[in-house]
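Below you'll find the structure, written out as structure tokens, and then a few comments.
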Amino acid sequence: MKLELTTYDIADRLLADDHANWSRAGAFALAEWLEEMEESTGEESTLDVVAIRCDFSEYDSLIDWASEYFGGAGDWQEPLGVADVDLDMDDTEQIIRDYINDHGFLIEFDGGIIVSSF
């Protein structure tokens, strides 16, 4: 027996997880991404909100992710090789975006980002 979930069902189940801190927009972006992954692989998946909570985290911005991942405000610049480089915000965000995509998954949505653990 299986139950097929809509995007809204998935987002609602993600939001119902009391131990996760998904925004409504983030939950919907993640639900859509999960559906796209299932479609692109052709394999049915099982929704495991605990595993998803452990494997993905939501941030307000790419800079917020980099600051937390690398240990604090500004500490991310050296590991990404931009400590002595004068970059505008678009270039900085692209460097962070590329780093995440090289190591895991990045889901961008209006209001924030979701990054897989790696």
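Of note:
- Matching entry among A16, A20 (being of a type in the set (A, V, I, L, M, F, W, C) and surrounded by 13 or more Cβ atoms within 10 Å (Cβ to Cβ)): A20
- Strands (runs of 3 or more DSSP E) fully within segment 23-118 counting 1 or more residues that are aliphatic (A, V, I, L, M) and either open to solvent by less than 60 Å² (accessible area, probe 1.4 Å) or closer than 23 Å to L5 by Cβ (or both): 106-109, 112-116
- Against the criterion of being touching a residue at least 40 places away in the same chain (Cβ under 8 Å), touching a Lys or Arg at 6+ places or on another chain (Cβ under 9 Å) and among the aliphatic types (A, V, I, L, M), L62 qualifies.
Condition check ((1) free of Cβ contacts under 8 Å to residues at least 40 places away in the same chain; (2) under 14 Å from the mean Cα position of the chain (by Cα)) across all residues:
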residue: Y8; (1), (2): yes, no
residue: R24; (1), (2): yes, yes
residue: F56; (1), (2): no, yes
residue: G72; (1), (2): yes, no
residue: L87; (1), (2): yes, no
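The values are calculated or read from the model by the stated rules, or taken from the named source; none is laboratory data. Small disclaimer: the values here were computed from a predicted structure and weren't measured. Using ideal geometry, Cβ is built from the backbone for each residue, glycine included, and neighbour counts are taken over all protein chains shown. Just so you know, the surface numbers come from the protein's heavy atoms only, side chains and all, with ligands and any DNA or RNA stripped out. Shrake-Rupley method; radii C 1.70, N 1.55, O 1.52, S 1.80 Å.
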